[in-house]
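The values are calculated or read from the model by the stated rules, or taken from the named source; none is laboratory data. What you see is a predicted model; the values in this text were computed from it and never measured. Note that each Cβ is placed from the backbone with ideal geometry, even for glycine, and that neighbours are counted across all protein chains shown. The area values use the complete protein model at the heavy-atom level, side chains included, leaving out ligands, DNA and RNA. Shrake-Rupley method; radii C 1.70, N 1.55, O 1.52, S 1.80 Å.
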Amino acid sequence: VTTGMAHVALALAVASTAAWRFCLRWLDVRKAVPDEESGSSSHPSLPRRAHIEYFARGYRRHEVSAALRSEFARKEHPDSKISADVDKTWRRHRKSNPRLFNRTKFRYHSSEFLKDRRRICLSLWLTDYKTYLGVDFGEFAEERISYGAKVFGNPAALLSRKLGVSCLLLSKDEKLIFIRRSQHVAVQSGKIDCPGGHPEPSNIKCISELHEFSDLASSNTNLSLEVVNEIFNSTIHEIRDEVNVPIESLDDPVLLGATHMPLPRSSVSLAFLINCKLESLRITELYNQGAPESFESTELLAIPMRSVLKRFQRKEFIKRSEFELSDSKSDPQKLENDDIHQLAFETLTPALRGALTILSVYIGEKVRS
C-alpha cells in the first residue's frame, strides 16, 4: 500500500460497522463461496441481485492458482427449442451491433482460500461471448434459471458466468480513473465504468488449438500458471488498450475480489487494483491522444480516491443514490480546482459499484489488521 493509500486507510478507520452495512446494502457480501455444489433450491450464494466475494487481504499473481476442469462447465437444458434460442439471440445482437464478434471466454465457477488464506484458487471452465449474449440475454433465461435451481440446486447452472476483469487504476497523485462507456459496446452503454474487459483463453496455446472444450487435457501441469498469467495480464492490456497508458508505467495488479451480476446477467468480474506511475493529468493527455480501443468509451474521468471512498461509505450518499466524479475532459486547471459535478448512482455499472465496494472493504481490512 502506498503512503497515499495509507492516509486514505487512516481516514477511513473511523468508519463504523453500521456505515459499512449501509455501503453494502445493494450487494450481498460473501467470502469465497461454492457455486454448483449446493443442494439448496434457493442457492444462497447466487441471489437475484448483485453480490460480491471479497478477498480481504488482496492477492498478488504468485498467490493465485486456477483449476480449469470440465466439471465446472455450464449445464444444458433438455428442450431443443431453448437450446436453439442461443443462435437466434446472437444473430439479433449482431444485426444491431456489427462490431460484435464471438470469442472463447473463461467461465467462473467459484473460488477457494488455501493454506490459511495465504493463497486463493479460482475454479474455471470455458464459455464464449455468443453463449453469454444468447443465454443470459435470451428469451428463455428465466426457464434456464428455474431448471438450474430445480435440477442442480443452482439457478446459474445453465447460465454463462462469463469471467471479466474490472481495473481500478490509481494514478500517482492518488486519483481513480474511470471511463464512460460508448454506444458501441453491447451492454451498459453510456454508463460510468473502470477500464476492463476479459481475459482471453485463446491466448493460451493449448486452449487456442481446441476443436471442442472437452478436448482440454486436465493433466497439463503448466495450465494453472498460464491461466493466472492471462487473467492478470489482461488487466494491464485493457488499461493500455482503453486508456492508452503504457504497460511499463503500471505496477503488477492485486486481486481484491469478485462482483457477481444479478441474474439472469450471470457474468462475474474480478476486481483488481493497479497502481500507475503517471499522474492523472498525464493519463488524461494520453487518453485524449487516442487509445487502440477508444471506440469503447467517450470520456475519461478522474477523482481522488479519498473522496470516492469517503462518499461511497456515507449513509447519506447511499440514501441519495448520488456519486461525485470530476470530468477529466474538462480544462486541466478546473480539474486542479476539483471541478466536481454530480452523477446519479445508477449511471455506474454494477461491476464498478462492486469494485468500489470491494476496494472500500480492502482498505478497511488493511486498517483493522
Inset, instruction - Answer yes or no as to whether residue 267 is of a type in the set (Ser, Thr, Tyr), closer than 19 Å to residue 120 by Cα and modelled with pLDDT of 85 or more. - result: no
Legend entry - Number of the exception - residue 136 against (1) touching a residue at least 12 places away in the same chain (Cβ under 8 Å); (2) of a type in the set (Asp, Glu); (3) open to solvent by 10 Å² or more (accessible area, probe 1.4 Å): (3)
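Would you call residue 74 farther than 25 Å from residue 262 by Cβ and at pLDDT 90 or above? I'd like the intermediate steps shown before the answer.
Details: farther than 25 Å from residue 262 by Cβ: no; at pLDDT 90 or above: yes.
Here the answer is no, as residue 74 does not meet what is asked.
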Inset, instruction - Scan region 156-178 residue by residue and report those that are outside any strand (DSSP E or B), in contact with a helix residue (DSSP H, G or I) (Cβ under 7 Å, 6 or more places away or on another chain) and open to solvent by 10 Å² or more (accessible area, probe 1.4 Å). - result: 173, 174
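Among 144, 118, 69, which is the only one that is over 20 Å from residue 165 (Cα atoms), basic (Lys, Arg) and open to solvent by less than 10 Å² (accessible area, probe 1.4 Å)? Full working, then the answer.
On the way: 118 fails: open to solvent by less than 10 Å² (accessible area, probe 1.4 Å); 69 fails: open to solvent by less than 10 Å² (accessible area, probe 1.4 Å).
The match here is 144.
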Inset, instruction - Return a yes/no flag: does region 86-101 have any residue that is in contact (Cβ under 8 Å) with a residue 24 or more places away in the chain, in a helix (DSSP H, G or I) and open to solvent by 90 Å² or more (accessible area, probe 1.4 Å). - result: yes
Legend entry - Every residue from region 227-251 that is in contact with a strand residue (DSSP E or B) (Cβ under 8 Å, 6 or more places away or on another chain), of a type in the set (Asp, Glu) and over 12 Å from residue 293 (Cβ atoms): 251
Legend entry - Every residue from region 56-85 that is in contact (Cβ under 8 Å) with a residue 40 or more places away in the chain, hydroxyl-bearing (Ser, Thr, Tyr) and in contact with a His (Cβ under 7 Å, 6 or more places away or on another chain): none
Inset, instruction - Any chance you could count how many residues in region 109-119 are under 17 Å from the mean Cα position of the chain (by Cα) and not hydroxyl-bearing (Ser, Thr, Tyr)? - result: 1
Legend entry - Answer residue from region 72-85, given it is buried (at least 16 other Cβ atoms within 10 Å of the Cβ) and among the aliphatic types (A, V, I, L, M) and is nearest to residue 164 (Cα to Cα) among those: 73
Legend entry - Residue tally, condition crowded, with 24+ Cβ neighbours inside 10 Å and of a type in the set (Asp, Glu), over region 237-269: 2
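Residues to consider are 315, 310; find the one that is at pLDDT below 65 and more than 24 Å from residue 242 (Cα to Cα). Full working, then the answer.
On the way: 310 fails: at pLDDT below 65.
315 is the lone residue from the list that is at pLDDT below 65 and more than 24 Å from residue 242 (Cα to Cα).
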Legend entry - The lone exception for residue 232 - which of (1) open to solvent by 20 Å² or more (accessible area, probe 1.4 Å); (2) at pLDDT 95 or above; (3) not acidic (Asp, Glu) it fails: (1)
